[in-house]
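Student: Take a look at the following structure, please.
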Amino acid sequence: MAKRNKNTESAASNQPAPNRNRRKAKPNYKKAFMVGVLFLVMLSFILTSIPNFGGGNTSKASSVKTPVTANAPAPRSSTTFTKQGTLTINRQNNPEPLVVDIEVADTETKRRQGLMYRRHMEPNQGMLFIMDELKEQSFFMRNTYISLDIIYLDQDKKIVSIAKNTEILNDNSIPSNGDALYVLELIAGSADTHGLQVGDEVAWEVE
């Protein structure tokens with residue numbers, strides 16, 4: 001029987017045995033695909049959240065109104081005369097009636113607006129206010145750039161009082177000094193030019 005060599009056995013036992021069953025790892029295509037899809041979704045969300053990128057926010061931007069500045073002109077409806085009827089004043093001292101074109105303020109909104117912000121009105125034009133109640137009326141000249149003759153009329157359409165040559169851009173009250181149901185505004189000087197006076201009768205036709 002041969003004698004064993006311990007050194008030889010020890011060296012042999014320390015060498016790793018060959019792994020005959022080891023296989024190479026296959027690439028995980030499914031995982032890579034899911035990561036790619038997730039990246040594309042996140043990129044799309046980021047891009048669409050940028051204002052006006054690719055039309056993602058154009059509807060919101062187009063609905064925003066441009067703020068009106070202090071120097072912007074007033075709306076056309078408040079600055080341009082619109083004929084709505086014809087008014088006739090039968091004067092006591094003149095057989096020939098005075099005829100003017102009128103705009104009519106017969107609602108609360110129109111009465112509040114009046115002739116504010118207007119810069120010009122022709123001598124043959126005026127505004128007729130139809131009030132809701134016969135009582136002492138009072139007007140002022142806030143935001144009004146045209147000096148006026150304010151003519152107060154009673155329920156019979158007769159002149160009660162005339163406030164001549166009113167001061168523009170003034171908040172002081174201008175009373176009728178008597179019950180009035182209608183108010184006629186003409187450009188300043190009209191009452192003196194045409195000889196208007198208390199008691200003159202007024203009539204009008206609205207178109």
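Any read-out appearing in this document is the output of simple, stated calculations on the displayed coordinates, not a laboratory observation. Here the structure is a predicted model, which means the values were calculated and not measured. Here the Cβ positions follow ideal geometry from the backbone for every residue, glycine too, while neighbour counts run over all protein chains shown.
Student: Any chance you could run the full-extension gain for Glu167 through His120? It's 0.36 nm times the residue separation minus the Cα-Cα distance, nm to one decimal.
Tutor: Result for the pair: 15.4 nm of gain on full extension.
Student: Mind running the shape call on region 76-206? Use the C-alpha gyration tensor, a ≥ b ≥ c as the square roots of the eigenvalues: rounded below 1.5 for a/c, prolate if a/b tops b/c, oblate otherwise.
Tutor: Rounded.
Student: Moving to a separate point now. Can you pull the one-decimal nm distance between simple spin-label points at Glu96 and Arg112, each 7 Å off the Cα toward Cβ?
Tutor: Those two pseudo-labels are separated by 4.2 nm.
Student: Around Glu103, with a cut-off of 13 angstrom between Cβ atoms, what is the net charge of the other residues, counting Lys and Arg +1 and Asp and Glu -1?
Tutor: -1
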